1. Considering the stretch 35-50 alone, what residues qualify as being assigned to a helix (DSSP H, G or I), touching a residue at least 24 places away in the same chain (Cβ under 8 Å) and open to solvent by 30 Å² or more (accessible area, probe 1.4 Å)?
2. List every residue pair whose Cβ atoms sit under 7 Å apart, with the two residues 6 or more apart in sequence or on different chains, where the first one lies in the stretch 61-84 and is assigned by TED's automatic domain parsing to the domain that holds Ala49 and closer than 12 Å to Gly45 by Cα and the second, anywhere, is open to solvent by less than 60 Å² (accessible area, probe 1.4 Å) and outside any loop (DSSP other than H, G, I, E, B).
3. Search the stretch 12-31 for residues that are over 29 Å from Gln66 (Cα atoms) and pair each with any residue that is open to solvent by 90 Å² or more (accessible area, probe 1.4 Å) when their beta-carbon atoms are under 7 Å apart and the residues are at least 6 apart or on different chains.
4. Can you name every residue in the stretch 90-101 that is within 6 Å of the ligand (Cβ to nearest atom) and loosely packed, with under 11 Cβ neighbours inside 10 Å?
5. Check the stretch 5-28 and report whether any residue there is of a type in the set (Val, Ile, Thr) and touching a Ser or Thr at 6+ places or on another chain (Cβ under 8 Å).
6. Could you tell me whether any residue of the stretch 103-111 is assigned to a loop (DSSP other than H, G, I, E, B), hydroxyl-bearing (Ser, Thr, Tyr) and within 16 Å of the ligand (Cβ to nearest atom)?
Amino acid sequence: MTVSALHFYERQGLIRSERTSGNQRRYDRSVLRRVAVIRAAQRAGIPLATVATAFGELPTDGVPDQEDWQRLSAAWRQEIEQRIAQLEHLRDRLGGCIGCGCLSLATCGFVNPNDDAGRRGVPSTLLEP
Ligand code: FES
């Protein structure tokens, strides 16, 4: 783990340190558990803001124990599954684009996935040159 990563987590309010008289940072042992959870969450693509919220709700002074981690990871599993479903949907839509290259606002569902104007009958091709 890089020092800059620890400083970043600290600036984000995810961990805390004490300063020595020489202004060096010292981390409490409990910070290791928080960092472990942060790293695991990052590997799973969980936003740091979500992690910060979860830490704020921990009863144990913000230090996740095994039970906390089980609860957090179970909650995040649903988020990960939603993301997987979105990516699968995106992949399936991309399939028609492979080798096409038209990038048409009128016909490409990948370039123009939420064509609200088109659904209302307003041709989105008006935006094309
Ligand atoms: S690039 Fe042609 S349909 Fe998407």
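The values are calculated or read from the model by the stated rules, or taken from the named source; none is laboratory data. Keep in mind that what you see is a predicted model, and the values were worked out from it rather than measured. No Cβ is skipped: glycine too gets one built from the backbone with ideal geometry, and neighbour counts run over all protein chains shown. We work out accessible area using only protein heavy atoms, side chains counted, and drop any ligands, DNA or RNA first. Shrake-Rupley method; radii C 1.70, N 1.55, O 1.52, S 1.80 Å.
1. Kept after step one, since they are assigned to a helix (DSSP H, G or I), are these residues of the stretch 35-50: 35-43, 48-50.
Okay, now just the ones that are also touching a residue at least 24 places away in the same chain (Cβ under 8 Å), so 35, 37-41, 48, 50.
Within the stretch 35-50, Arg39, Leu48, Thr50 meet the criteria.
2. Here the result reads Trp76/Ala41, each pair linking the stretch 61-84 to a residue that is open to solvent by less than 60 Å² (accessible area, probe 1.4 Å) and outside any loop (DSSP other than H, G, I, E, B).
3. From residues that are over 29 Å from Gln66 (Cα atoms), the pairs are Thr20/Arg26.
4. In the first step, residues of the stretch 90-101 are kept if they are within 6 Å of the ligand (Cβ to nearest atom); the result is 96-97, 100-101.
The one that is within 6 Å of the ligand (Cβ to nearest atom) and loosely packed, with under 11 Cβ neighbours inside 10 Å: Gly101.
5. In the first step, residues of the stretch 5-28 are kept if they are of a type in the set (Val, Ile, Thr); the result is 15, 20.
After this cut, where a residue has to be touching a Ser or Thr at 6+ places or on another chain (Cβ under 8 Å) as well, the list is none.
So far as the stretch 5-28 goes, no, none of its residues is of a type in the set (Val, Ile, Thr) and touching a Ser or Thr at 6+ places or on another chain (Cβ under 8 Å).
6. Going residue by residue through the stretch 103-111, those that are assigned to a loop (DSSP other than H, G, I, E, B) are 103-111.
With hydroxyl-bearing (Ser, Thr, Tyr) added as a condition, the list becomes 104, 107.
Then drop every residue that is not within 16 Å of the ligand (Cβ to nearest atom), which leaves 104, 107.
Scanning the stretch 103-111, I find at least one residue that is assigned to a loop (DSSP other than H, G, I, E, B), hydroxyl-bearing (Ser, Thr, Tyr) and within 16 Å of the ligand (Cβ to nearest atom), so the answer is yes.
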